[in-house]
Amino acid sequence: MDESGPLLRARELCVAFGGLQVLNRVSVDVPQAGVLGVIGPNGAGKTTLFNTVCGFVRPESGSILFDGKPLRPRPHRLTRLGIARTLQGLGLFPHLSVLENVIAGASHLVRTGAVAAMLASPWAERREHRVRDRAMEVLETLGIAADAHRVCASLPYGIRKRVALGRALISEPRLLMLDEPAAGLSATETTELAGILRGLRERTAVMLVEHHMEFVMNLCDELVVLDFGEVIAHGTPGATRADPAVQRAYLGETVGVADA
Ligand SMILES: Nc1ncnc2c1ncn2[C@@H]1O[C@H](COP(=O)(O)OP(=O)(O)OP(=O)(O)O)[C@@H](O)[C@H]1O
């Protein structure tokens with residue numbers, strides 16, 4: 001474990017779709033702890049950066065180091081590496097309960113071999129109990145333990161969004177990546193989410209892409225601002241908000257007050 005440098009280091013990432021250069025030599029460091037926000041106007045390349053780190057998009061050039069080692073991300077292998085993510089589409093199993101959905105995020109821990117399953121090995125059973133207990137702890141942290149046995153499809157969007165977060169958290173990731181975590185939430189839910197994420201930041205690094213400026217400004221320790229696929233600013237929320245290049249990118253919008 002390399003704790004001297006950033007947890008994730010992306011260098012000079014270039015991504016093009018057809019003739020369109022969507023990321024142009026983008027470099028980002030995610031510190032070992034704290035919340036890094038990636039912001040920028042529509043079409044700036046935020047989701048593409050997120051998808052490149054998660055392995056959904058392959059860069060033409062550039063490199064990513066995670067914990068000091070080269071990361072060639074494949075989405076289904078991320079959890080094992082210590083990276084968990086939530087996407088804009090929640091991707092929950094609508095007919096399973098909240099608890100079952102969260103446990104699904106720990107499938108790499110509960111995978112039981114066919115023989116062990118047939119013999120109902122005590123070892124496998126103990127492991128499944130541990131995962132279940134851990135899932136309940138996660139639901140407590142998220143304030144939705146009372147909904148553990150409710151079917152996801154019957155729940156309001158704000159709760160389902162927390163379930164998706166719980167499914168990411170159960171793997172106890174070192175890096176939690178969130179794509180628009182506040183989208184679609186009420187003002188109260190957004191404030192509560194910021195509180196939950198603040199509570200995580202001592203032990204988990206968070207990288208989030210978000211449009212909701214007030215949420216980002218209040219929560220993030222650092223911001224990276226993208227515009228037309230390039231990093232135009234990087235620093236504390238206060239410094240980036242005051243940066244003339246950021247003001248120009250958001251021309252016509254008030255950075256730090258209204259939603260972008
Ligand atoms: N799969 C794709 N094929 C072609 N073009 C794409 C693809 N994905 C994104 N783009 C284009 O890349 C550019 C950056 O898109 P991206 O979604 O990364 O921006 P964004 O900053 O996340 O925008 P938004 O805030 O609107 O979600 C946009 O011009 C978009 O139309």
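The values are calculated or read from the model by the stated rules, or taken from the named source; none is laboratory data. As the structure is a computational prediction, the values presented were derived from the model and not from experiment. With ideal geometry, Cβ positions are generated from the backbone for all residues, glycine too; neighbour counts draw on all protein chains shown. What goes into the accessible areas is simple: the full protein's heavy atoms, side chains included, and nothing from ligands, DNA or RNA. Shrake-Rupley method; radii C 1.70, N 1.55, O 1.52, S 1.80 Å.
Overall, the chain carries a charge dipole of about 940 debye about its Cα centre when +1 sits on the Cβ of Lys and Arg and -1 on the Cβ of Asp and Glu, all other atoms neutral. For the chain, the average shadow cast by the Cα convex hull is 15.2 nm², which is a quarter of the hull's surface.
Placing unit charges on each Cβ (+1 for Lys and Arg, -1 for Asp and Glu) gives the chain a dipole about its Cα centre, and among A135, A145, T188 the Cα reaching farthest toward its positive end belongs to A135. Here is the list for region 134-220: trypsin sites (Lys or Arg not before Pro) lying in DSSP coil, each with at most 12 other C-beta atoms within 10 angstrom of its C-beta, are R203. Across the accessible surface of the chain, with the other protein chains kept in place and a 1.4 Å probe, carbon and sulfur atoms take up 53 percent.
For region 1-63, the dipole from Cβ point charges (+1 on Lys and Arg, -1 on Asp and Glu) about the Cα centre works out to 200 debye, to the nearest 20. Comparing G105, L200, I39 along the charge dipole axis of the chain, the residue lying farthest to the positive side is G105, per the Cβ-charge model. By the helix-only formula, in which each DSSP H run with n ≥ 4 contributes -39500 (n - 2.57) and the sum is divided by residues, the chain has a 222 nm mean residue ellipticity of -10500 deg cm²/dmol.
Take the chain with all the other protein chains still there, run a 1.4 Å probe, and you get 48 Å² of accessible area per residue.
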